[in-house]
Amino acid sequence: MDTVYYLGKIGELSLKKGNKKFFENRLSENLRILLDGKKAKIRVCAGRLTLEAGVQDREACEWALSHLLGITAWAEMSVCEKNLQAIIEKAQEKAREGALSGAKTFKIEVRRGDKTFPLNSFELARRVGEEIHDSILQTDVHKPDIVINIEVREKVFVYGIQHTGVCGLPAGVSGHGLLLLSGGIDSPVAGFKMLSRGMKVDCVYFHSYPYTSEEAQTKVEQLAQKLAAFGLGAYLNIVPFTKVQQQIKATTDEQYLTLMMRMCMMKIASIVGKHIGADCLITGESLGQVASQTIENLNVTERATDMLVLRPLIGMDKREITDCAIKIGTYDTSILPYADCCVLFSPKHPSLHTDDSKATALYQAMAIEPLLQEAFDNREVKKFVALM
C-alpha cells in the first residue's frame with residue numbers, strides 16, 4: 001500500500017515540562033478523532049508529531065491537520081534512511097515540487113537530532129544544496145522562495161512547503177465553556193479563541209421565531225458545525241426566546257430593550273451552563289463596539305450571572321475579529337443576510353451608561369423569571385461532530 005507521511009510542529013506544548021506527556025497524548029488522541037477511523041500511525045516525540053497513513057487518506061489527513069489545535073505548522077514529508085544519497089534524492093524531489101509551484105530559489109535548513117550522523121548540520125546542508133543549485137533551483141539563503149527542511153532523527157524527514165497550523169493547546173485540556181452563539185461575526189471567533197486555549201466549547205443560541213427566520217437558525221447551526229470541527233464536536237442548545245422578548249418589549253422603555261435582553265440571555269445561559277456542567281460562559285463582546293458593550297453595560301450584564309464570564313475579544317477591534325473569522329472559515333457564513341434577535345429588537349437610541357441599581361429595578365419590574373425557565377425547559381439540543 002502506498003503511504004503518505006506528515007510532520008506537525010508542536011508549539012507551546014514543548015514548554016509544559018512535567019505534564020508535557022499529558023498534552024502530547026491528548027494531541028495524538030485528538031488527531032485520531034479527527035481522522036474518524038482512518039488507519040494511521042501517530043507519534044509525538046521531541047517537539048514533532050508524525051503521521052503515517054495510506055495515500056487514499058491524504059485528503060482526510062490534511063483536513064485533520066489543518067483543524068488540529070496544538071500544532072504551529074504541518075507539511076507532507078518524505079522519509080528515508082540516514083544515507084546521504086537517499087537524503088539528496090528526497091531533497092531533489094522537494095525542489096522539483098517547488099519549481100513546479102513557481103519557486104525559483106531555495107534554501108536548505110537542517111536539524112540534526114541524531115548527533116551520531118557523520119555530517120554536521122552545516123556540512124549536510126552544503127552537500128545537499130550543491131546537488132540542487134543550478135540543476136533545479138538557485139540558492140538564496142536570505143529570501144528563498146522555498147525552504148527545504150531536513151531533520152535527522154531515527155530516520156530522516158525531508159519536507160518543503162509548510163502550512164500554518166491553528167496553534168494553541170489541544171482541545172479538551174482546559175475546562176468546559178458555554179458560548180453565547182449568534183449569527184454574527186464576533187461570537188464564533190470568541191468560541192474559536194477559547195477552543196484554541198484547550199477549552200471544550202458548547203453553544204447556546206436564542207431564536208425568536210417568527211421574528212427571526214429558520215434561515216437564521218440554519219446559519220447558526222452551520223457556525224456550530226464549523227466550531228465543532230476544531231473542538232472535536234459540540235452541542236448547540238437552541239432556546240425559544242420569543243415570549244421573553246415580547247415580555248421585555250411590553251414592560252421596558254425602548255432605550256433599555258437591548259440591555260434587558262442581554263440580562264435575560266445571561267440568566268438563561270447560566271441555567272444551561274450549570275445544567276451541562278460548564279465552568280464558564282463565553283461571549284463575543286468587544287469593549288465599546290456597540291451600545292450593550294460599554295463598560296457600564298458590560299458590568300450590568302455580568303451581574304446577571306454568578307458564573308465566570310470570559311470575553312476573549314474584549315480588546316480586539318472589528319478588523320482583527322474579521323481577519324480571524326476569515327482565517328477559521330466562519331466569515332462567509334456569518335455575513336449571510338439573516339438577522340438574529342439582537343438586531344431585530346435593537347432600539348434606535350439605546351442606553352449607553354446604565355447603572356446597576358437602575359438595571360436591577362427594570363429587570364425586577366418585568367417579572368420575567370418564569371418565562372426564562374420555560375424557555376430553558378423548551379430548548380432543543382443538537383449535536384455536531386467533527387466532519388471533513
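The values are calculated or read from the model by the stated rules, or taken from the named source; none is laboratory data. Computed from a predicted model, the values in this text were never measured in an experiment. Cβ placement follows ideal geometry from the backbone for every residue including glycine, while neighbour counts extend to all protein chains displayed. For accessibility, only protein heavy atoms count, side chains too; no ligands or nucleic acids. Shrake-Rupley method; radii C 1.70, N 1.55, O 1.52, S 1.80 Å.
Table: residues versus (1) open to solvent by less than 30 Å² (accessible area, probe 1.4 Å); (2) touching a Ser or Thr at 6+ places or on another chain (Cβ under 7 Å).
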| site | (1), (2) |
| --- | --- |
| Glu24 | yes, no |
| Leu27 | yes, no |
| Gly37 | no, no |
| Lys41 | no, no |
| Leu51 | yes, no |
| Val55 | no, yes |
| Thr72 | no, no |
| Glu81 | no, no |
| Glu89 | no, no |
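Scanning the range 239-258 for residues that are within 15 Å of Tyr209 (Cα to Cα) and open to solvent by 10 Å² or more (accessible area, probe 1.4 Å) turns up Pro240, Thr242, Lys243, Gln246, Gln247. Out of the residues in the range 180-191 that are among the hydrophobic types (A, V, I, L, M, F, W, C) and more than 15 Å from Cys324 (Cβ to Cβ), which is surrounded by the most Cβ atoms within 10 Å (Cβ to Cβ)? So, considering only residues that are among the hydrophobic types (A, V, I, L, M, F, W, C) and more than 15 Å from Cys324 (Cβ to Cβ), the one surrounded by the most Cβ atoms within 10 Å (Cβ to Cβ) is Leu181.
Of note, Glu123 satisfies the criterion of being without any contact (Cβ under 8 Å) to a residue 24 or more places away in the chain, of a type outside the set (Phe, Trp, Tyr) and open to solvent by 40 Å² or more (accessible area, probe 1.4 Å).
Out of Val147, Val158, one residue alone is closer than 19 Å to Glu76 by Cβ, open to solvent by 10 Å² or more (accessible area, probe 1.4 Å) and of a type outside the set (Ser, Thr, Tyr). It is Val147. Just one of the listed residues (Glu62, Glu76) is in a helix (DSSP H, G or I), within 16 Å of Gln162 (Cβ to Cβ) and open to solvent by 40 Å² or more (accessible area, probe 1.4 Å), and it is Glu62.
Looking at this structure, is Glu296 assigned to a helix (DSSP H, G or I), out of contact with any helix residue (DSSP H, G or I) (no Cβ under 9 Å at 6 or more places or on another chain) and surrounded by fewer than 20 Cβ atoms within 10 Å (Cβ to Cβ)? No; evaluated as a whole, the condition is false for this residue. For the range 275-290, check the following and say yes or no: at least one residue is at pLDDT below 90 and either touching a strand residue (DSSP E or B) at 6+ places or on another chain (Cβ under 6 Å) or open to solvent by less than 30 Å² (accessible area, probe 1.4 Å) (or both). No, every residue in the range 275-290 fails to be at pLDDT below 90 and either touching a strand residue (DSSP E or B) at 6+ places or on another chain (Cβ under 6 Å) or open to solvent by less than 30 Å² (accessible area, probe 1.4 Å) (or both).
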